[in-house]
Amino acid sequence: MPSRLHRRSPALTEPVARGFVDFLGGPVGRFAAVGRQRWWTPLRVLILVALVFLSFGFLSKARCLEGVRADDGRVGLDWSGDRQYVAACYNDITPLYGGRGLDQGGFPYAFSWVEGDLTRYLEYPVLAGLFQWAVAAFTRLTYPLVDATGLPVAEASWFFALTALAMSALWVLAIRLVADMAGHRIWDVVLVAASPLIIVHAFTNWDIPSITLAVAAMHAASRSRFGLAGLFIGLGTAFKLWPLYLLGAYLVLALRDRRILPFLRMLGVAVVTWLALNVPVMLAYPAGWGEFLRLNSERGYEWTTVYAIIDRNTLLPALPVPVLNVVSFGLFAAACLAILVLGLRAAARPRAVELIFLIVVAFLLFNKVWSPQYSLWLVIPAVLALPRWRLLLSWMAVDALVWPLLMWHMLGAENNGIPSELLDAALLTRLVLLTVMTVLVVRQILRRQPAVRWGS
């Protein structure tokens, strides 16, 4: 209870936070009844802020939800005039409803289509596919009620709205868990709830469920509930691959503390959970199940990666995909090895969230794919590991700016799209800010002194 009454206000140390507090009403006076408000608790304020920014995120995609009624009375999406780029409202959720057979009612991994001379399947891990399938089933069940209103709402748009609603609930849960982990620095969680990245990427893809599962794993591990943490890591990895990397952070701490059994319990539960979800689909639909692995092994670099920047601005030849795979994995593995050495050699025990931050940063920097919404993965680890308001808001603002610039660039020169140089300027700024954040976290780990034990 005392920890709740002695919260540390970021206004005391962060100029940006101080300006925000002054704008709202000035610093807390010495007679203020801190912690005694029955309704407007910090958690409820954070949830309200999160809901406001989620609504902004929905509105940022709204132009891509507009429908047009055809002669047969059916309503389809209106993406005329390259609306998805002009309005920067593109998202994967809306077009993939029909593009991946979710509108047809069959099992997602049984659906296929021909693309050139290649047979394609749903390219998402199993739990993500099951999530899409469940929301799609509810969409088809309820859409007749929407259509009966006479409003030009496409079925794919209704699917987007229901998906956004489900993911918003999961994001609020993530905020709840992060607020619990923040302890006396609970107000730093405003940086999560009000992140500019939520506005542009909350509903770009299906990333929020994996983030919530990763946060749930971190929360469980912080309470020494390692089996439960393993369950959430297994579920998160079955949704998106990246929660797997949390195991790396806890492995470092297990080796440092010489407490391997709790980690093995976490690892074992994670593996069993992942297998329980994946094996049935793998056996029944091997081609569909393997599409995620096939696509990621055969695809080249994405527009906003460091490899794309090098290719656009140098005369170096583009790396063949097999070589790119080796280089990308090798750099990431080397970074993970460096993080292992750092975690073991530091004078004081690093915090798990610091190691998680470093691992996720390494993955984003060296991976050949950096879909813009991947930056959402980093928001919570960054806020918990390095609560520097000015730096974090600068990074999130620049990272959010990458999205409209990318959309504008993808219009093409013939449609007055911007040249790649402007996009690359934003990408390089992002890389610089992430590098600064990484250096500060490493310095933070190295400068921390071991706790003094009385009587030792």
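The values are calculated or read from the model by the stated rules, or taken from the named source; none is laboratory data. As the structure is a computational prediction, the values presented were derived from the model and not from experiment. A quick note on method: Cβ atoms are made from the backbone with ideal geometry, for glycine too, and the neighbour counts reach across all protein chains shown.
Here are a few things to note about the model shown:
- Test for GLY67: is it among the small types (Gly, Ala, Ser), more than 14 Å from ALA161 (Cα to Cα) and not in a loop (DSSP other than H, G, I, E, B): no
- Listed by first and then second residue, the pairs with beta-carbon distance under 8 Å, at least 6 apart or on different chains, first residue in region 165-184 and under 17 Å from SER195 (Cα atoms) and in the same structural domain as LEU197 (by TED's automatic domain parsing), second among the acidic types (Asp, Glu) and part of a helix (DSSP H, G or I), are ALA182/ASP188.
- A single entry from LEU423, LEU411, LEU393, LEU428 fulfils the requirement of being crowded, with 21+ Cβ neighbours inside 10 Å and not β-branched (Val, Ile, Thr): LEU423.
- Test: residue in region 323-339 that is in a helix (DSSP H, G or I), farther than 17 Å from LEU427 by Cα and among the aromatic types (Phe, Trp, Tyr): yes
- Filtered residue count, region 399-409, keeping only those that are closer than 23 Å to TRP377 by Cβ and out of contact with any Ser or Thr (no Cβ under 9 Å at 6 or more places or on another chain): 3
- Any hit, region 240-250, residues being closer than 30 Å to LEU319 by Cβ and among the charged types (D, E, K, R): yes
- Screening the candidates THR149, THR204 for the property of being surrounded by fewer than 24 Cβ atoms within 10 Å (Cβ to Cβ), without any contact (Cβ under 8 Å) to a residue 12 or more places away in the chain and in a loop (DSSP other than H, G, I, E, B) yields one hit, THR149.
- Between TRP395, TRP403, the distinction of being under 20 Å from PRO196 (Cα atoms) and touching a Pro at 6+ places or on another chain (Cβ under 6 Å) belongs to TRP403 only.
- The residue pairs whose first member lies in region 236-264 and is assigned by TED's automatic domain parsing to the domain that holds LYS368, whose second member is crowded, with 20+ Cβ neighbours inside 10 Å and modelled with pLDDT of 95 or more, and whose beta carbons are closer than 9 Å, counting only pairs six or more residues apart or on different chains, do not exist in this structure.
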